[in-house]
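For reference, the structure I am asking about is given below.
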2 protein chains.
Amino acid sequence: MRDLSTGVTVWFTGLPSSGKTTLARVEVLDGDLAREHLTKGLGFSREDRAENVRRIGWVASLLARNGVIVLASVISPYRDDRDAVREMHGERFVEVHVATPLDVCAERDVKGLYAKQRAGELSGLTGVDDPYEPPLRPEVVVPTHQQSVDESVELLWRSLT
Amino acid sequence: MRDLSTGVTVWFTGLPSSGKTTLARVEVLDGDLAREHLTKGLGFSREDRAENVRRIGWVASLLARNGVIVLASVISPYRDDRDAVREMHGERFVEVHVATPLDVCAERDVKGLYAKQRAGELSGLTGVDDPYEPPLRPEVVVPTHQQSVDESVELLWRSLT
């Protein structure tokens, strides 16, 4: 067993056309990036959030079906929308609940959203004045507030492999 | 044990700032893409190939040191250059030899390089009229010509985790 939790480089070497890139198939789909490229124009209403999740989910399922390991990072606040994405995937779906409590998220406030909401410059913030429905039976729950990033990544990899 | 060999979506859900993106840290460094962004202007001489590999290796080591799982896909024909990259990484390095023989690579000819070389439109093609030094003790050897892509990916994941 190799410990991947603290980072690793997997270096593929071989002749031109030997298959290096084919074997290094991992795709990261990030909700914020997807909103730039895949779902531009959608807002944060119930319907637009559903469409956003559905569209990212569909691209993810296409990739996964073709043998790609997809890491999708999307707030996806509604259970129904996530279950629809799971449905598209068949067996190829692992739901990870990044179960950091609201007060810790608001403290971190990576993008300044919580501060903006408090200042009245933003409304409809998930978990504050917009719903977040936690998964009922996710394959993995990661309590990032109770452990280090390395421990979280290790837990994740242990659950996946 | 979950079988990742035929593709999977890992869907991270959670509140804003819960840590979703931090946990989905995988980076793919592709030699061809790197030549556009990281090593533009370098050619295919012995010195330029060394500098190309060294530069990609340095970026990979920075990422790996910060807990990212990096999949690097680079011809990297010289043993010395790959060993230098390994040295930079300390323990965080896995060398994968995509050990497809020359005749199979030339048959696949994904980018038409082998045909161009035969037609005299290109010289210095690795494995044909430029050296390729196979790894002596790679952590993983993948014989893509003797098994399916799914089998290769499975072998790889079994070796890594």
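What are the residues whose amide H is under 5 Å from the amide H of A:GLU27, where those residues sit 5 or more places off or on another chain and H is modelled from the backbone?
Under 5 Å from the amide H of A:GLU27: A:ILE69, A:VAL70, A:LEU71.
List the lysines whose alpha-carbon lies under 25 Å from that of B:LYS116, not counting same-chain residues fewer than 8 positions away?
A:LYS20, B:LYS40
I'd like the trypsin sites (Lys or Arg not before Pro) in the range A:21-114 restricted to DSSP loop residues with at most 13 other Cβ atoms within 10 Å, sorted by number.
A:LYS40, A:LYS111
Can you tell which of A:VAL140, A:LEU62, A:LEU122 lies farthest toward the positive end of the dipole of chain A, using +1 and -1 charges on the Cβ of basic and acidic side chains (Lys, Arg; Asp, Glu)?
A:LEU62
For the range A:29-131, which GluC sites (Glu not before Pro) are in a loop by DSSP, counting at most 13 other Cβ atoms within 10 Å?
A:GLU91, A:GLU121
Can you tell which of A:SER76, A:SER61, A:SER148 shows the greatest fluctuation in a Gaussian network model of chain A with Cα springs below 10 Å?
Comparing A:SER76, A:SER61, A:SER148 in a Gaussian network model of chain A, the most mobile one is A:SER148.
Starting from the coordinates of the alpha-carbon atoms of chain B, obtain the Kirkwood hydrodynamic radius over all distinct pairs and give the value in Å to one decimal.
17.8
Using θ = phi - 60° and the Karplus relation 6.51 cos²θ - 1.76 cosθ + 1.60, list the HN-Hα couplings for the range B:87-96 in order, rounded to whole Hz, with x at every Gly or Pro.
Using θ = phi - 60°, the values come out as 4, 4, 8, x, 7, 7, 9, 10, 9, 10 Hz.
Shifting gears a bit: In percent, what relative contact order does the range A:96-161 have, based on Cα pairs under 8 Å that are 6 or more apart in sequence?
Averaging sequence separation for qualifying contacts and normalising by length gives 43 percent for the range A:96-161.
Shielding by partners for B:92-102, please: the mean number of other protein chain Cβ atoms within 10 Å of each residue's Cβ.
6
Residues of A:23-33, mean number of Cβ from any other protein chain within 10 Å of their own Cβ, rounded to a whole number?
The per-residue average across the peptide is 6.
Tell me, what ³J(HN,Hα) does each residue in the range A:10-27 have, in order and in whole Hz, if you take phi through Karplus 6.51 cos²θ - 1.76 cosθ + 1.60 with θ = phi - 60° and put x for Gly and Pro?
So the Karplus estimates, Gly and Pro as x, are 9, 9, 8, 10, x, 5, x, 6, 6, x, 4, 5, 4, 7, 9, 8, 9, 10 Hz.
We did not get these values from a lab; they are worked out from the coordinates using the rules stated. On a predicted model such as this, the values are computed, not experimentally measured, just so you know. Quick reminder, even Gly has a Cβ in these numbers, built from the backbone with ideal geometry, and neighbours come from all protein chains shown.
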